[in-house]
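Peer 1: Once you've had a glance at the structure underneath, I'll fire off some questions.
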Amino acid sequence: MLASPFKAGRELTLGIIGGGQLAKMLAQAAYRLGLRVAIIEHGADSPAGRMTQLEFPDGWTSPEALNAFVDASDIITLENEFVAPELLQAIAQRRPVYPTPETIARVRDKLVQKQTMAAAGIPVPAFAGVATPEEVLSFARTRGFPLVLKSRTFGYDGYGNATLDTAEELPRAWEMLWQRVQHEGILVEEFVLLQKELAVIVARSRRGELAVYPCVETVQQDHVCRVVYAPAPLPEPLRRQAQELAVACVEAIDGVGVFAVELFLSQDGTILFNEIAPRPHNSGHYTIEACYTSQFENAIRAVCGLPLGSPEMFVPAAVMVNLLGVRSGSGIPDAVTEALRVGKAWIHLYGKRESRPRRKMGHVTAVGATLEEAYRLAQQAADGIMW
Ligand code: ADP
């Protein structure tokens with residue numbers, strides 16, 4: 001095992017594959033712990049790349065850039081799960097990579113992910129892998145409509161999903177998805193009638209130590225997360241059940257690092273697994289200001305084999321509101337003064353160069369004695385930012 005960065009007698013460099021906002025917040029936490037950071041991303045001047053001299057802007061598909069990045073790093077982690085498994089395996093021959101390539105292989109494909117969870121006894125919506133529209137119809141014959149088609153790989157923020165209410169909608173949706181997945185395969189799922197969507201962040205260290213964050217409610221619109229309520233406004237036993245399920249999911253993939261487990265609370269009160277992200281997640285941004293140890297810091301502690309910090313909230317309530325792009329153009333907001341007048345909200349602007357409608361450009365967190373109070377402050381600040 002690699003020595004602790006605080007015992008090795010030299011600076012330790014954390015290599016992060018990806019340079020977006022998650023890598024940026026990981027880097028901020030890494031700097032606080034006295035580490036150095038290396039970033040590899042396709043393109044210069046990414047939100048995290050611009051924070052370090054160890055920036056490798058030719059990306060991981062360039063053998064030279066990847067080689068130099070690996071040379072510069074002592075431990076490697078990632079901010080997205082879309083890196084080719086063979087590439088991760090090759091990196092892992094030279095440096096410790098967490099989450100491990102084996103864990104990533106179990107989550108990268110949503111079909112394999114669901115099969116892994118189902119095999120571990122975790123409740124999941126009915127699902128099947130399909131290769132032809134006829135197979136979708138055969139699934140619909142037993143399960144009925146509506147149903148959801150999902151690309152097995154590279155889906156995020158609903159890109160790659162299609163909900164079908166009737167068989168007539170199938171040819172168009174199939175055509176659209178099949179183009180997109182380029183034959184990597186499609187997953188079909190029963191449509192779950194939702195009461196709420198929940199998420200739990202779990203950190204699991206190289207020593208198997210666990211830090212389980214509170215169960216939160218995520219509110220999605222148009223398949224994109226808009227608001228996160230922490231803790232979820234639900235009875236405590238239900239929240240505890242969600243936390244226990246989340247731990248079982250992370251153990252099912254032998255995860256080391258930080259994981260976000262997204263869950264459905266169905267209208268009949270059942271909690272079902274939706275998906276797991278092997279990295280810090282939008283639903284855990286509130287942990288920066290509302291918990292003793294943020295998801296980002298615990299991700300670093302977990303992959304470095306350091307003791308984990310407390311995931312507990314030290315305030316009764318926290319709310320995070322996403323700042324989504326509304327225009328195509330500059331990523332710099334036109335005005336933030338009104339938002340800054342809300343003295344009790346934390347504003348995060350990711351520094352992306354380009355804005356696009358629905359793109360995550362930043363977020364605001366506020367805390368309070370109640371969720372209502374925290375929501376009011378966060379939304380007031382979010383409304384004060386002009387794009
Ligand atoms: P992504 O990976 O793009 O985030 P998800 O599979 O999490 O995709 O789906 C995005 C959103 O679509 C979910 O948060 C939920 O609101 C809705 N959704 C996904 N699958 C189902 C389902 N089986 N039943 C009902 N709603 C679903």
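The values are calculated or read from the model by the stated rules, or taken from the named source; none is laboratory data. A quick note: this is a predicted structure, and the numbers were derived from the prediction, not measured. Glycine also receives a Cβ, built like all others from the backbone with ideal geometry; neighbour counts cover every protein chain displayed. For accessibility, only protein heavy atoms count, side chains too; no ligands or nucleic acids. Shrake-Rupley method; radii C 1.70, N 1.55, O 1.52, S 1.80 Å.
Peer 1: Within region 237-279, track down each residue that is under 21 Å from Leu306 (Cα atoms), open to solvent by less than 10 Å² (accessible area, probe 1.4 Å) and within 15 Å of the ligand (Cβ to nearest atom). Spell out how you get there, then give the answer.
Peer 2: At the first step, the residues of region 237-279 found to be under 21 Å from Leu306 (Cα atoms) are 247, 250-251, 253-260, 278-279.
Remaining after also requiring open to solvent by less than 10 Å² (accessible area, probe 1.4 Å): 250, 253, 255, 257-260, 278.
The answer is Phe259, Ala260, Pro278.
Peer 1: Restricting to region 59-113, count the residues that are in a loop (DSSP other than H, G, I, E, B), among the aromatic types (Phe, Trp, Tyr) and over 21 Å from His281 (Cα atoms).
Peer 2: Number satisfying all stated conditions: 1.
Peer 1: What about Thr218, is it at pLDDT 95 or above, surrounded by fewer than 19 Cβ atoms within 10 Å (Cβ to Cβ) and within 13 Å of the ligand (Cβ to nearest atom)? Steps first, answer last, please.
Peer 2: On the way: at pLDDT 95 or above: yes; surrounded by fewer than 19 Cβ atoms within 10 Å (Cβ to Cβ): no; within 13 Å of the ligand (Cβ to nearest atom): yes.
Considered against the rule, which asks whether it is at pLDDT 95 or above, surrounded by fewer than 19 Cβ atoms within 10 Å (Cβ to Cβ) and within 13 Å of the ligand (Cβ to nearest atom), Thr218 comes out as no.
Peer 1: Return the residues of region 221-236 that are out of contact with any Cys (no Cβ under 9 Å at 6 or more places or on another chain) and either under 18 Å from Ala318 (Cβ atoms) or within 16 Å of the ligand (Cβ to nearest atom) (or both); say none if nothing qualifies.
Peer 2: Residues satisfying the conditions are Gln221, Asp222, His223, Val224, Cys225, Arg226, Val227, Val228, Tyr229, Pro233, Glu236.
Peer 1: I've got another one for you. Which of (1) of a type outside the set (Val, Ile, Thr); (2) within 15 Å of the ligand (Cβ to nearest atom); (3) open to solvent by less than 20 Å² (accessible area, probe 1.4 Å) is the odd one out, the single condition Leu193 does not satisfy?
Peer 2: Result: Leu193 fails condition (3) only.
Peer 1: Please find, within region 338-387, the residue that is farthest from Val319 (Cα to Cα) out of those that are of a type in the set (Ser, Thr, Tyr) and outside any strand (DSSP E or B). Spell out how you get there, then give the answer.
Peer 2: Just the residues of region 338-387 that are of a type in the set (Ser, Thr, Tyr), to begin with: 350, 355, 365, 370, 375.
Filter again for outside any strand (DSSP E or B), leaving 350, 370, 375.
Working: Tyr350: 18, Thr370: 10, Tyr375: 5 Å.
Checked region 338-387; the qualifying residue farthest from Val319 (Cα to Cα) is Tyr350.
Peer 1: Testing Leu137 on (1) surrounded by fewer than 18 Cβ atoms within 10 Å (Cβ to Cβ); (2) within 9 Å of the ligand (Cβ to nearest atom); (3) more than 25 Å from Val250 (Cβ to Cβ), one condition comes back false. Which one is that?
Peer 2: (2)
Peer 1: Does Val200 satisfy being under 30 Å from Pro96 (Cβ atoms), within 16 Å of the ligand (Cβ to nearest atom), within 25 Å of the chain's Cα centre (by Cα) and touching a residue at least 40 places away in the same chain (Cβ under 8 Å)?
Peer 2: Considered against the rule, which asks whether it is under 30 Å from Pro96 (Cβ atoms), within 16 Å of the ligand (Cβ to nearest atom), within 25 Å of the chain's Cα centre (by Cα) and touching a residue at least 40 places away in the same chain (Cβ under 8 Å), Val200 comes out as yes.
Peer 1: Just to check your reading of the model, which residue among Glu297, Glu289 is more than 16 Å from the ligand (Cβ to nearest atom), surrounded by fewer than 24 Cβ atoms within 10 Å (Cβ to Cβ), at pLDDT 95 or above and outside any strand (DSSP E or B)?
Peer 2: Values: Glu297 fails: surrounded by fewer than 24 Cβ atoms within 10 Å (Cβ to Cβ).
Of the residues listed, the single one that is more than 16 Å from the ligand (Cβ to nearest atom), surrounded by fewer than 24 Cβ atoms within 10 Å (Cβ to Cβ), at pLDDT 95 or above and outside any strand (DSSP E or B) is Glu289.
Peer 1: Which of the numbered conditions does Gly129 fail, given that it passes all the others? Conditions: (1) assigned to a loop (DSSP other than H, G, I, E, B); (2) touching a residue at least 40 places away in the same chain (Cβ under 8 Å); (3) more than 13 Å from the ligand (Cβ to nearest atom).
Peer 2: Of everything listed in (1) assigned to a loop (DSSP other than H, G, I, E, B); (2) touching a residue at least 40 places away in the same chain (Cβ under 8 Å); (3) more than 13 Å from the ligand (Cβ to nearest atom), Gly129 misses just condition (1).
Peer 1: Could you look through region 140-177, keep only residues that are surrounded by fewer than 16 Cβ atoms within 10 Å (Cβ to Cβ) and of a type in the set (Lys, Arg), and pick out the one that is modelled with the highest pLDDT?
Peer 2: Step by step, filter region 140-177, then rank; the result is Arg141.
Peer 1: Picking from Leu238, Leu177, Leu234, which residue would you name as being over 23 Å from Val367 (Cα atoms) and either part of a strand (DSSP E or B) or hydrophobic (A, V, I, L, M, F, W, C) (or both)?
Peer 2: Exactly one of Leu238, Leu177, Leu234 is over 23 Å from Val367 (Cα atoms) and either part of a strand (DSSP E or B) or hydrophobic (A, V, I, L, M, F, W, C) (or both), namely Leu177.
Peer 1: Would you be able to tell me the number of residues in region 31-52 that are in contact (Cβ under 8 Å) with a residue 40 or more places away in the chain, open to solvent by 20 Å² or more (accessible area, probe 1.4 Å) and assigned to a loop (DSSP other than H, G, I, E, B)?
Peer 2: 2
Peer 1: Of Gly343, Gly329, Gly384, which residue is modelled with pLDDT under 95, on the phi < 0 side of the Ramachandran plot, open to solvent by 20 Å² or more (accessible area, probe 1.4 Å) and over 23 Å from the mean Cα position of the chain (by Cα)? Lay out the reasoning, then the answer.
Peer 2: Numbers: Gly329 fails: on the phi < 0 side of the Ramachandran plot; Gly384 fails: open to solvent by 20 Å² or more (accessible area, probe 1.4 Å).
None of the others qualify; the one that does is Gly343.
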